[in-house]
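What follows is a single structure, written as structure tokens, with notes after it.
Here, each number is a calculation from the coordinates, and none is a lab measurement. The model shown is predicted, which means the values in this text are computed figures rather than measured ones. Reconstructed Cβ throughout: ideal geometry from the backbone, glycine too, with neighbour counts over all protein chains shown.
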């Protein structure tokens, strides 16, 4: 499990990285308990991105069907075969429309934008 925190607009946000390995799947339920929402990071250069997003959306929503989600897409600048429209269609077919941003996950500003997007989504759903 990864853990970090980030100060965002004067508030401390605790961030937990979910393990992707099947053998650590049991930890997901523990980490999802009490979560404000989830940020799904996808690698646009992966040839399996559309299958990956479907798998992760099903996995995350199995813990909480009303979980707030946002998607960050990395490496869009290095991904000739990537289609944002196709990704939107796959996501919409799984869980409906979800906010998405193209980001550089190494840039703190981009990560903060994803967090803000999640928090705005949360405020709208109250």
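Listed by first and then second residue, the pairs with beta-carbon distance under 7 Å, at least 6 apart or on different chains, first residue in segment 78-96 and without any contact (Cβ under 8 Å) to a residue 40 or more places away in the chain, second assigned to a helix (DSSP H, G or I) and surrounded by 15 or more Cβ atoms within 10 Å (Cβ to Cβ), are 82/49; 82/76; 86/50; 91/53; 91/57; 95/57; 95/61.
Within segment 83-107, restricting attention to residues that are in a loop (DSSP other than H, G, I, E, B) and touching a strand residue (DSSP E or B) at 6+ places or on another chain (Cβ under 8 Å), the residue that is farthest from residue 67 (Cα to Cα) is 104. The number of residues in segment 98-126 being closer than 20 Å to residue 35 by Cβ and either over 15 Å from the mean Cα position of the chain (by Cα) or without any contact (Cβ under 8 Å) to a residue 24 or more places away in the chain (or both) comes to 6. Do you know which of the residues in segment 16-53 that are assigned to a strand (DSSP E or B) and in contact (Cβ under 8 Å) with a residue 24 or more places away in the chain is farthest from residue 64 (Cα to Cα)? By that ranking, first place goes to 43. The one condition from (1) touching a helix residue (DSSP H, G or I) at 6+ places or on another chain (Cβ under 9 Å); (2) under 17 Å from residue 4 (Cβ atoms); (3) not in a loop (DSSP other than H, G, I, E, B) that residue 110 does not meet is (1). Counting the residues of segment 60-75 that are surrounded by fewer than 16 Cβ atoms within 10 Å (Cβ to Cβ) and part of a helix (DSSP H, G or I) gives 3. Within segment 1-33, if we keep just the residues that are surrounded by fewer than 15 Cβ atoms within 10 Å (Cβ to Cβ) and closer than 17 Å to residue 121 by Cβ, the residue that is nearest to the chain's Cα centre (by Cα) turns out to be 15.
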